[in-house]
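Following: one structure in structure tokens, then a few remarks.
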């Protein structure tokens, strides 16, 4: 192949490359101009949202709340479920918005976020929960925190909370079933739990106050997070940790049939142990077990 042929091939290759780049750029620009009429600029669009909804909960047995990064604050309410979304930030075109939907006996409350770049300085979902609601409350969050700053008057059938890194502090009158699952979230549940506790976390702490029924069942699992559970009466319990410590308090000092296994963890404190007592199965690798 002579020099002239090589130069010709290089020029052809460059021409094809340039044409392809121009066509791709035009297609890319046209595509994004047609996404909900978004107008792009260097700073995007700032938004300041203060949206309210008042929802009838007649016939509703389940309230499900879905957020990603918005914090959730729940307080006592009146007859209706009052929801307020307060959010500030910058986004390209779309804004954060509050979505509610009734699906049979379930009421879904959801915060939707822009599909294109967003820089959110703050976002909070404020909820006034009617005292009359006695169904199931389901919370799904990624990094948003959940808190009930005041003691809720509700007697709930179930609380189910799933989170990656958002902390959960929930304080209510009583709950039958509690199911918690997280990666690094801390759980702090202040309520009389009468039937079931199932809590799983990787590095987050689990703090439960309190189990009030000897017929309840407790299962808690953590890798490095600590587990603290307060009982009025002992109930059938299974707890597993790797390096997290376990702290147990039994107010009525019931006798328990303790099966404690650990590689290097220690046990301390006073507890009444009897083979005919309530089954307590606790295993750790290096975590300590304490009875208060």
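Throughout, read-outs are computed from the coordinates displayed, never taken from laboratory work. Nothing here was measured: the structure is a model prediction, and the numbers come from that model. Because the Cβ atoms are built from the backbone with ideal geometry, glycine has one as well, and the counts that use them run over all protein chains shown.
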Which whole-number percent gives the relative contact order of region 102-208, counting Cα pairs below 8 Å spaced six or more residues apart?
18
Percentage relative contact order, region 76-162, counting C-alpha pairs under 8 Å, at least six apart
34
Length released on extending from residue 209 to residue 192, taking residue separation times 0.36 nm less the Cα-Cα span
5.4 nm
Expressed in Å to one decimal, the Kirkwood Rh of region 60-112 from all distinct alpha-carbon pairs is 12.7
Relative contact order as a percentage, region 134-292, C-alpha pairs under 8 Å and 6+ apart, gives 14
Packing-based order for 130-136, 86-92, using average beta carbon neighbours within 10 Å, highest first
86-92, 130-136
Which part of region 133-154 falls in the paramagnetic zone of residue 78, meaning amide N under 16 Å from the point 7 Å along Cα-to-beta-carbon?
133
Normalised Cα Rg of region 134-292, dividing by 2.2 N^0.38 Å with N its residue count, works out at 0.99
Most to least packed among 66-78, 251-263 [average Cβ atoms within 10 Å]
66-78, 251-263
